[in-house]
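To start, the structure under review is shown below, and the notes come after it.
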């Protein structure tokens, strides 16, 4: 069991242990946690991390710089040794943590009793999705493992009402027993910037192009196959169209093959995992997110803050809207999606900077009014940690 410690813990500062599968920069869950971590008052609340999947491109260095400790164990439940590791960890760190914040909901049945055995009573279950797994067998297993959650004495968090209803049930949601923590962004970081757009489009050879974008992992959830079908239909009507795909994942090679198969290689750019998404969004004209399911879809807040029109599946929670989203049924074929996009094409031409500025301003105002900014949500979660200390 790896044990990486950091000196300098402040007196009077409570520590929260986040349990996650990975510290990868490609993890949407980690992106959300790190957003809060960067903005929380670390003189009052400090984050540590317990994870079980190692990776190269991770937040490990940044966590250390922010004062966090990192621990790595075998995947819980994969062996008797992994159970011994969990017991050993919580025994060694008894009394160190005020909260255990669990983001791997299907492991609650195992983590909760072990943590409680060593005095860690305050336990958060945080749901980030509206589906148990992309894989059928895993979904069945996870659903069974999650059944005890509704009966446990835990704090129930969810990134949206849809996610809360999915895991905890409508009755608990309506009774106010689910704490909704909307995934949030720093709006000003994503505000539309014409000068960045102009520079990037020149650098990437996108001048005069109609640029469609997508940001997300290459996994079944994100439905890249359908995305490519929609783009192919748009390309037939608008020859100067380009598609930018940001992210990595297990299906990336398969999608690259599909793109090559229909002779669109020169029109689709695979940009990989990027740390400059706020800039790439400036270069795009519209965003497509035909997901099979989403907990919330934080990239939609980012895109709308950048003034972009978003076309998304009807499986994406309505809470993702800041006024510039069109929801489309996945059951309809790609020609229907492309026809809707074509109707919007004239509004989002490269020259229409004033419209883009206005859309960015409006979306940011709406997020501020609704309290969905990162600053507001960080205060919300910080107060929750401290009020129930």
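Every number in this text was worked out from the coordinates using simple rules, so none of it is lab data. Everything quoted here is computed from the prediction, not taken from an experiment. Here the Cβ positions follow ideal geometry from the backbone for every residue, glycine too, while neighbour counts run over all protein chains shown.
DSSP beta bridges in the range 227-352, what fraction antiparallel, as a percent rounded to 5?
0 percent
Compute the angle between helix 374-387 and the longest alpha-carbon principal axis of the chain, please, reported from 0 to 90 degrees and rounded to the nearest 10.
10 degrees
In whole angstrom, note down how far apart the Cα centers of the range 233-272 and the range 128-155 are.
If we compute the Cα centre of each part, the gap is 34 Å.
Report, in deg cm²/dmol and to the nearest 500, the calculated mean residue ellipticity at 222 nm for the chain, where each DSSP H run with n ≥ 4 adds -39500 (n - 2.57) and the sum is divided by the residue count.
Numbers: 16 runs with 161 residues, N = 389.
Roughly -12000 deg cm²/dmol at 222 nm, from the helical runs in the chain.
Considering the convex hull of the alpha carbon atoms of the range 88-158, report its projected area averaged over all viewing directions, in nm², one decimal.
Mean shadow area of the hull around the Cα atoms is 4.9 nm².
If packing is taken as the average number of other Cβ atoms within 10 Å across a peptide's residues, how do 323-330, 217-224 rank, most packed first?
Details: 323-330: 16.0, 217-224: 20.8.
Sorting 323-330, 217-224 by mean packing, highest first, produces 217-224, 323-330.
As a test, work out the antiparallel percent of DSSP beta bridges whose residues both lie in the chain, rounded to the nearest 5.
Antiparallel bridges make up about 10 percent of those DSSP assigns within the chain.
Counting residues in the range 157-255 as N, plug N into 2.2 N^0.38 Å and put the Cα Rg over that result.
That ratio works out to 1.50.
What ranking do 234-241, 135-142 get when scored by the average of other Cβ atoms within 10 Å per residue, highest first? Numbers along the way, then the final one.
Details: 234-241: 16.1, 135-142: 12.1.
Per-residue Cβ counts within 10 Å, averaged per peptide and sorted highest first, yield 234-241, 135-142.
Against the 2.2 N^0.38 Å scaling, with N counting residues, where does the range 69-116 land? I'd like the Cα-based Rg ratio to two decimal places.
Cα-based Rg divided by the globular estimate yields 1.09.
Semi-axes of the equivalent ellipsoid for the range 187-369, please: Cα gyration tensor eigenvalues, times 5, square-rooted, ordered largest first, whole Å.
Working from the Cα gyration tensor, I get semi-axes of 23, 19, 16 Å.
Could you order peptides 300-310, 28-38 by the average number of other Cβ atoms within 10 Å of their residues, highest first?
Highest-to-lowest ranking by the protection proxy: 300-310, 28-38.
Given 0.36 nm per residue, what is the gain on full extension from residue 225 to residue 65 after removing their alpha carbon distance, in nm?
Details: separation 160, 0.36 × 160 = 57.60 nm, distance 3.94 nm.
Extra length from residue 225 to residue 65 when fully extended: 53.7 nm.
Dividing the Cα convex hull volume of the range 262-360 by residue count, how many Å³ per residue is that?
Hull volume over Cα atoms, normalised by residue count, gives 124 Å³.
If we restrict to alpha carbons, what Rg and Dmax does the range 61-200 come to, in Å?
Cα-based Rg and Dmax for the range 61-200 come out at 18.5, 58 Å.
Could you list 100, 280 in order of exposure, starting from the residue whose Cβ has the fewest other Cβ atoms within 10 Å?
Ordered by Cβ neighbours within 10 Å, fewest first: 280, 100.
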